[in-house]
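Following: one structure in structure tokens, then a few remarks.
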Amino acid sequence: MLHSTNHLRASLKKKTSEMAGLKRAKKFRQKHLPKKLENVKKARKLADKYGKRTTKSLKPAASAKAEQTRDFDVPAQELFNDADLKNKSNSNANSDADSDSDAEAEAKSSIEGGDLMQYISDDDEDAKAEEQAYLAEDVEIDLTVIKKWRKQLVRKSDTLPTVLTAIHTRSETTNRDIEQQLSDLLLEVVPKALETHFTPTNAPTHPVQKQLTEAVLPLLSSADGSVLVRAISLASSVLPLVSEREQKQLAKALASVVVRMSTSDDARLAAFDAMKQASLLNDKTRALFAKQGYKALVRVSARTNTHTLPTINLAKNLFATLFETSEVVTPVYDLAFSEIRQLALHLKSALDRTKNPGYDLQVCCTWPFVHSLDFWSRVLSTASPLQPLIHPLCQVTLRTSTLVTTVQYIPMRLHLVQSLIRLSRHTQVYIPLSPVLLDTVMETSCFQKQAKPSTLQRPDLESLLHVPTMYLNTSVYQSTAVSAFVDLMVDNLCLYSKHIAFPELVAPILARLRKFARKNTLSVVSKPLVELCQRLEANSAYILKQRANENFGPKDTNNIAKFLQDVDWQNTPLGKEAVARAKVREIQRQLMREQAEAAKAEQDDQDEQDSSDDDSGSDEAEMEDENENENENENEYENEDEEEME
């Protein structure tokens, strides 16, 4: 035991001394590397002068090495290893004080002696990247150099770090032709070189991975049109070859492209395809891309309006497919569980006012929170291995819908109920939503008293979380909210329009609706409710007529499951009503979008006109000032002439 302990101590002491030596070597490189590089530049100038004589004086192997180096436009790297540092640290301590003549003589002697090429050890990648950045600054990039790089990238992969460093250091060149050629080189030749020379099992070194990521990220954030599509294609080829850290950066950039409002449809779908292909590499990568997509959706969902809502809904549908798996994937399940749990903790903090007196109740009544619940309902609707999370998600959503019961937040409640209806439709799970919908209308005083007339336009409840104050107690808001209530009630109950127990299911609902419609004196509220009762009674009569021909009892579950199996739900009385109302909603939604676009275009024209008026007003003011100055000068000249005459 004592011997093993001493052995561990000795090995630990040896490792500590080795690490200390490496740190000292790195500090020495950082201190003396610029001077060494300056000597290399001077050596290159002398090599151009004495090139032929130097090549002949070298040994055959060194001569071949020098000839190979001349094909590159980046100067040869002067390298040294840790052993050289230990031997030469004392002699090179004062190398910064050498004169230019001594450096020139030293470089010339190095060339003549065949010691031009020296290589750094592979144990310090940071020193390599720093040295290459210094060397790239000495390259004069022109069309000839770029043409040579195109040929070299196809043949071998050694040129790739040089090209990436040059592109990164010359990203803001003033020559547009050079900038365009570098962009084409990056977007056309580099993907082919990656496909030819590298595979996921034979990935490039970490500095090259970092350079690739740094070259792609600016294009994904600022480019547009065809350049953005080509940059996405480059990112798709880079993703399998880089480490997890670079994959996270690229995933965040691609997700931002998907949710960006100014992105074209082609670029948006190309970015999502790149994320989808990369998520198939392994389970950990799938969870990484799914998480970045969810975060991008939450960031952009705070700016929800009539114009951005279609893009947000498309992003929710796209990112939800990243969670689709045929079997349980532990990282994906853990991600979904942790995010739903986080939403539940936010809701708990909002409800527990004693422990969190400073926590704002309205935190859970925001677009990011509502869109998050709706997103996870879409995820659980398509991913069968994640369906054990349906119960906690329903509990959080139902409690959030009753968090604020004021008239102003009725649209938020309708949004949450709609997400649960979608979840119930795709998973065949019964969720009791009728009580929540009935309380929305019957327990609110807004629908029980006479509203004031108004000339306001019909509010778009799909893009509103809470209505403005000017809509409260108005007839247009009453009619819109009741119509939305009837739509959701029909969509919810049509899921069970073929069920053999439909008459018993809607019996308590019909009783509450008839009682409320009989007491209510507002035609805007009572008339739609009476029509809803008639549709429910018609569907109940249809089910009673169909099950009267059956001869099995309630215990025969197999025959109950086969009841009206061949009938489409759209052919039932309630299903026909749901299809008709869906068409009407689509027409109304299209009209509202056209009105919003027309209003936006009119506002933009007005802003342009105002800015032009301001410019013309400023020009007129400048002209008036100039005229006044001219008049003053003329008066001064006249006064001077009069004084001279006198």
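Once ligands and nucleic acids are excluded and a 1.4 Å probe is used, how much of residue 307 is accessible, expressed in Å² to the nearest 10?
Taking all protein chains as shown, residue 307 has close to 80 Å².
Loop-only check: which trypsin sites (Lys or Arg not before Pro) in segment 260-357 are DSSP coil with at most 13 other Cβ within 10 angstrom?
Details: sites: 260, 268, 276, 284, 286, 291, 295, 299, 303, 316, 341, 348, 353, 355; in loops: 260, 353, 355.
Filter output for segment 260-357: 353, 355.
Under a plain spin-label model, where a point goes 7 Å from the Cα along Cα-to-Cβ, how far apart in nm are residue 521 and residue 507?
Inter-label distance under the simple model: 3.4 nm.
Would you mind classifying segment 472-525 by shape? Square roots of the alpha carbon gyration tensor eigenvalues, ordered a ≥ b ≥ c; an a/c under 1.5 is rounded, otherwise it is prolate if a/b is larger than b/c and oblate if not. Numbers along the way, then the final one.
Values: a/c = 4.61, a/b = 1.74, b/c = 2.64.
Oblate.
So which chymotrypsin sites (Phe, Trp or Tyr not before Pro) in segment 344-436 pass both tests, a DSSP loop state and at most 11 other Cβ atoms within 10 Å of the Cβ?
Details: sites: 359, 369, 375, 376, 409, 430; in loops: 359, 430.
Those satisfying the criteria are 430.
Of the lysine pairs in segment 478-587, how many meet both conditions: Cα atoms under 14 Å apart, and a spacing of 8 or more in sequence or different chains? Show your work: numbers first, answer last.
Values: 498/545; 498/562; 498/576; 515/527; 519/527.
Lysine pairs meeting the criterion: 5.
With θ taken as phi - 60° and the coefficients 6.51, -1.76 and 1.60, list the Karplus ³J(HN,Hα) couplings across segment 461-473 in order, rounded to whole Hz; mark glycine and proline as x.
Along segment 461-473, the couplings run 5, 5, 9, 10, 9, 8, 6, x, 5, 5, 8, 5, 6 Hz.
By how many nm would the segment from residue 224 to residue 11 lengthen if fully extended, with 0.36 nm per residue of separation less the alpha-carbon distance? Mind dumping the intermediate values first?
Working: separation 213, 0.36 × 213 = 76.68 nm, distance 5.64 nm.
Extra length from residue 224 to residue 11 when fully extended: 71.0 nm.
Once neighbouring chains are kept in place and the probe is 1.4 Å, which whole percent of the accessible area of segment 237-282 is contributed by carbon and sulfur? It would help to have the intermediate numbers written out before the result.
On the way: 990 of 2000 Å².
Accessible surface attributable to carbon and sulfur in segment 237-282 totals 50 percent.
Assign unit charges at the C-beta atoms only (+1 for Lys and Arg, -1 for Asp and Glu), then state the dipole size of segment 307-443 relative to its Cα centre in Debye, rounded to the nearest 20. Can you show the working numbers first?
Working: 10 positive and 9 negative charges, 30 e Å.
Approximately 140 debye in magnitude.
What whole-number distance in Å separates the alpha-carbon centres of segment 429-506 and segment 386-405?
Segment 429-506 and segment 386-405 have Cα centres separated by 19 Å.
Using the structure shown, list the pairs from 147/210; 316/452; 36/248; 26/284 with a Cα-Cα distance above 30 Å, or answer none.
Numbers: 147/210 24 Å; 316/452 39 Å; 36/248 37 Å; 26/284 34 Å.
Check vs 30 Å cut-off fails for 316/452; 36/248; 26/284.
Shape of segment 219-337 from its Cα gyration tensor (a ≥ b ≥ c, root eigenvalues): rounded if a/c is under 1.5, otherwise prolate when a/b > b/c, or oblate?
Values: a/c = 1.98, a/b = 1.17, b/c = 1.69.
Verdict is oblate for segment 219-337.
Let me check something: with ligands and nucleic acids excluded, how do 489, 592 order by accessible area (1.4 Å probe), largest to smallest?
Values: 489 0, 592 35 Å².
Solvent-accessible surface, decreasing: 592, 489.
The values are calculated or read from the model by the stated rules, or taken from the named source; none is laboratory data. Note that the structure is a prediction, hence the values are computed from the model and not measured. Cβ sites come from the backbone with ideal geometry, for glycine too, and all protein chains shown count toward neighbours. All accessible areas refer to the heavy atoms of the entire protein, side chains included, with ligands and DNA or RNA removed. Shrake-Rupley method; radii C 1.70, N 1.55, O 1.52, S 1.80 Å.
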